[in-house]
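*Asks:* Below are the structure tokens for one structure; questions will follow.
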């Protein structure tokens, strides 16, 4: 929790400093998510995929996005989002609340039609797992506190005069095990349907 507070303070200080930059944008983001997590178990020293432990389901996340433009149509993308993730399988069910902090390169085209631009991005996220529940039971002690994911996505942006609407898809490929049992590995993955509004 202490590390989370430090990260939150650092993020908002960065926003405060960057707000004076010539090309800095901040916006609100909401996104339904679809998880399909990879599960493996230790079989005599070799981890093998077990279909009955594959998990997934619907989730939701929301928070702040921030873009800092450092060249024409190139942005450093970050933010902070709260994500409720679903790890329901044939034999168990778990929901994990995660704070996601992305850091990505975002590229934006010139206008392809009136007030419309195409965009894409790739990068990584720091995933801070703050709580976990299996039914009504709190199982936060069963998960690793910090993970990371590789992210990439694409979408479109529409200028409405007083701001910009973003709509797109992104894929988040977990690069670290969320479960702290050394005999089980659960690699989180999810597809996100991203909606954001950037203020001018």
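*Asks:* Test of understanding: among 62, 56, which residue is assigned to a strand (DSSP E or B) and modelled with pLDDT under 95?
*Replies:* 56
*Asks:* Which of (1) over 23 Å from residue 189 (Cα atoms); (2) touching a strand residue (DSSP E or B) at 6+ places or on another chain (Cβ under 7 Å) is the odd one out, the single condition residue 35 does not satisfy?
*Replies:* So residue 35 meets the others, but not (1).
*Asks:* So, one more: Taking the conditions exactly as written (surrounded by 15 or more Cβ atoms within 10 Å (Cβ to Cβ) and without any contact (Cβ under 8 Å) to a residue 40 or more places away in the chain), does residue 155 satisfy them or not?
*Replies:* Yes; evaluated as a whole, the condition is true for this residue.
*Asks:* Considering (1) more than 25 Å from the chain's Cα centre (by Cα); (2) in contact (Cβ under 8 Å) with a residue 12 or more places away in the chain, say which one residue 38 fails and leave the rest.
*Replies:* Going through the list (1) more than 25 Å from the chain's Cα centre (by Cα); (2) in contact (Cβ under 8 Å) with a residue 12 or more places away in the chain, residue 38 breaks only (1).
*Asks:* Here is a check on your reading of the model: is residue 109 surrounded by 13 or more Cβ atoms within 10 Å (Cβ to Cβ), at pLDDT 95 or above, closer than 20 Å to residue 61 by Cα and touching a strand residue (DSSP E or B) at 6+ places or on another chain (Cβ under 9 Å)?
*Replies:* No; evaluated as a whole, the condition is false for this residue.
*Asks:* I would also like to ask the following. Going by what's in this entry, would residue 115 be described as exposed (fewer than 15 other Cβ atoms within 10 Å of the Cβ) and free of Cβ contacts under 8 Å to residues at least 40 places away in the same chain? Can you show your working first?
*Replies:* Numbers: exposed (fewer than 15 other Cβ atoms within 10 Å of the Cβ): yes; free of Cβ contacts under 8 Å to residues at least 40 places away in the same chain: no.
When the stated conditions are applied, residue 115 does not pass them.
*Asks:* On to the next question. Report, by residue number, each residue of the stretch 166-188 that is surrounded by fewer than 16 Cβ atoms within 10 Å (Cβ to Cβ), touching a residue at least 24 places away in the same chain (Cβ under 8 Å) and in contact with a strand residue (DSSP E or B) (Cβ under 7 Å, 6 or more places away or on another chain).
*Replies:* 167, 169, 173, 175, 176, 180, 183
The values are calculated or read from the model by the stated rules, or taken from the named source; none is laboratory data. Quick caveat, the model's predicted, so the values are computed rather than measured. Note that each Cβ is placed from the backbone with ideal geometry, even for glycine, and that neighbours are counted across all protein chains shown.
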